[in-house]
């Protein structure tokens, strides 16, 4: 088990609990509270955050290219 905390955000969706399912087990994780979670659940959450960061970076890159092309 790993102690893990999902920060709360500013938007309504970033204040909601986070649902994760791994190998048929479901978890509803409260934001802003440190919890003991299985390593597999923490990996899912970390991978999700990494993908979100990559997507935001990619969207910003595309937006900047569109602005340059006019």
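Throughout, read-outs are computed from the coordinates displayed, never taken from laboratory work. In this text the structure is predicted, and so the values were computed from the model without any measurement. Here Cβ is always computed from backbone atoms with ideal geometry, including for glycine, and neighbour counts include all displayed protein chains.
Odds and ends about this structure:
- Kirkwood-Stokes translational diffusion coefficient of the chain, alpha-carbon pairs, 20 °C, 1.002 mPa s, µm²/s: 154
- A straight chain from residue 3 to residue 50 at 0.36 nm per residue would run longer than the Cα-Cα distance by 15.0 nm.
- Sorting the segments 38-46, 17-25 by their mean number of nearby beta carbons within 10 angstrom, highest to lowest, gives 38-46, 17-25.
- Angle between the chain longest axis and helix 39-69 axis [Cα atoms, degrees, rounded to 10]: 10
- From helices alone, the chain scores -16000 deg cm²/dmol at 222 nm; the rule is -39500 (n - 2.57) for each run of n ≥ 4 DSSP H residues, then divide by the residue total.
- Modelled FRET efficiency - R0 22 Å, residue 30 with residue 59, Cβ distances, 0.05 increments: 0.15
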